[in-house]
Amino acid sequence: MHVTPMKAVASATVPLGENWITELKWDGGRIQVDVGSDRTELRSGRGTSWTTMFPELAGVARHCAIPVVLDAEVVVFEQGRPSFARLQHRFGVASPPASLVEAHPTHLVVFDLLAADGRPTLELGYRQRRQLLDQIVSAGPEISVPPHLEGDGRPWLDLARQRGLEGIVVKRADSRYHPGRRSPDWVKVKVMHRQDFVVLGWIEGRNSLAGQVGSVVVGVRDADRWHVAGSVGSGLTESMRVALADRLRPSATVWDADAGPFDRAVHWVEPELVVEVRFAEWSPQANLRHPVLLGVGLERDPFDVVREPISD
């Protein structure tokens, strides 16, 4: 069973009222886990098999009382906090060597229940799904069901700021699960200036990087067109260059004729690859200031990528 993930709407403010449940936002990769009676299957949001990519998660079945389908994040922790940079070492590596697993061990943070004992739970309210989740899944070295906060979520937004976390997700307590939809029943509020962008092109590097990717031109979807938000070279590692070279497909289309000016020619590419970028702020011209590339190769839908608000 594979269910296209439900998605949250971005907001700069926390929705108020008693009928909301707040969770911390985990800095990882969305993953669906199908725990059967004899095998555990891991899949990306688009249904790609990730089972061999994270072999250390095969044992999560022993922490589930019955067969289940779980909605979760796969994360790598560093000093008690999720590290997106360390998780990057694990993406795209099928059947990783033991040394890589040991250096960057993954953990499953479970936040929703999509099916229990072969029966879908999508029509149940979120509070009911969470209650069942707590009854069925027990914590272990490789899996956890984090606590949540009922009612006013603002204290946890402050907690996210204090701990240097990405933000929070606030969910309507009685909401059903809407597969594949970005629903206002789920609201994400970020405290860090970082978000997904789509790679729309690349610019050649200088000197030893001549002929290679020196920076990527990134953008967001804006009113059914692509808006270039600038170019990002900082944070681009050799492994990222390799990933980009393998995955970027040239395009004859100039996606944003008003972009730039750039100091070198832009090689436009098909808008298929989503990356995550940290930045200082948006300029009045809707360009990124001091952007840093955090990760390459996340399996997310480019047409979902829009400019996201940041909480004050």
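The values are calculated or read from the model by the stated rules, or taken from the named source; none is laboratory data. Owing to the predicted nature of the structure, the values given are computational and were not obtained by experimental measurement. No Cβ is skipped: glycine too gets one built from the backbone with ideal geometry, and neighbour counts run over all protein chains shown.
Against the criterion of being basic (Lys, Arg), farther than 30 Å from Gly235 by Cβ and surrounded by fewer than 15 Cβ atoms within 10 Å (Cβ to Cβ), Arg81 does not qualify. Of everything in segment 7-48 that's of a type in the set (D, E, K, R) and not in a loop (DSSP other than H, G, I, E, B), which residue is nearest to Arg154 (Cα to Cα)? Looking at residues that are of a type in the set (D, E, K, R) and not in a loop (DSSP other than H, G, I, E, B), I get Glu23. Filter segment 181-217 for residues that are closer than 28 Å to Leu165 by Cβ and of a type in the set (Phe, Trp, Tyr); which is surrounded by the most Cβ atoms within 10 Å (Cβ to Cβ)? By that ranking, first place goes to Phe197. Counting only strands (runs of 3 or more DSSP E) that sit wholly inside segment 175-279, those with at least 3 residues that are over 14 Å from Leu294 (Cα atoms) and within 22 Å of the chain's Cα centre (by Cα) are 182-190, 213-222, 225-232.
Touching a residue at least 24 places away in the same chain (Cβ under 8 Å) and closer than 20 Å to Pro302 by Cβ: is that true of Arg81 in this structure? Criteria not met by Arg81. Just to be sure before I move on: is Asp196 modelled with pLDDT of 95 or more, on the phi < 0 side of the Ramachandran plot and in contact with a helix residue (DSSP H, G or I) (Cβ under 9 Å, 6 or more places away or on another chain) in the structure I sent? Against the criterion (modelled with pLDDT of 95 or more, on the phi < 0 side of the Ramachandran plot and in contact with a helix residue (DSSP H, G or I) (Cβ under 9 Å, 6 or more places away or on another chain)), Asp196 does not qualify.
Hey, any hits in segment 167-174 for a residue that's more than 23 Å from the chain's Cα centre (by Cα), at pLDDT 95 or above, surrounded by fewer than 16 Cβ atoms within 10 Å (Cβ to Cβ) and not in a helix (DSSP H, G or I)? Yes, because at least one residue in segment 167-174 is more than 23 Å from the chain's Cα centre (by Cα), at pLDDT 95 or above, surrounded by fewer than 16 Cβ atoms within 10 Å (Cβ to Cβ) and not in a helix (DSSP H, G or I).
What are the residues in segment 68-78 that are crowded, with 21+ Cβ neighbours inside 10 Å and under 12 Å from the mean Cα position of the chain (by Cα), if any? The answer is Ala72, Val74, Val75.
For (1) free of Cβ contacts under 8 Å to residues at least 60 places away in the same chain; (2) in the same structural domain as Ala229 (by TED's automatic domain parsing); (3) closer than 29 Å to Asp158 by Cβ, each residue gets a yes or a no:
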residue: Phe262; (1), (2), (3): yes, yes, no
residue: Val266; (1), (2), (3): no, yes, no
residue: Leu273; (1), (2), (3): no, yes, no
residue: Phe279; (1), (2), (3): no, yes, yes
residue: Val292; (1), (2), (3): no, yes, yes
residue: Glu299; (1), (2), (3): no, yes, no
residue: Pro309; (1), (2), (3): no, no, yes
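If you go through segment 158-190 and pick out every residue that is among the charged types (D, E, K, R) and closer than 17 Å to Arg127 by Cβ, you end up with 5.
Checking each residue in segment 27-44 for being surrounded by 21 or more Cβ atoms within 10 Å (Cβ to Cβ) and under 10 Å from the mean Cα position of the chain (by Cα) picks out Asp27, Gly28, Gly29, Ile31.
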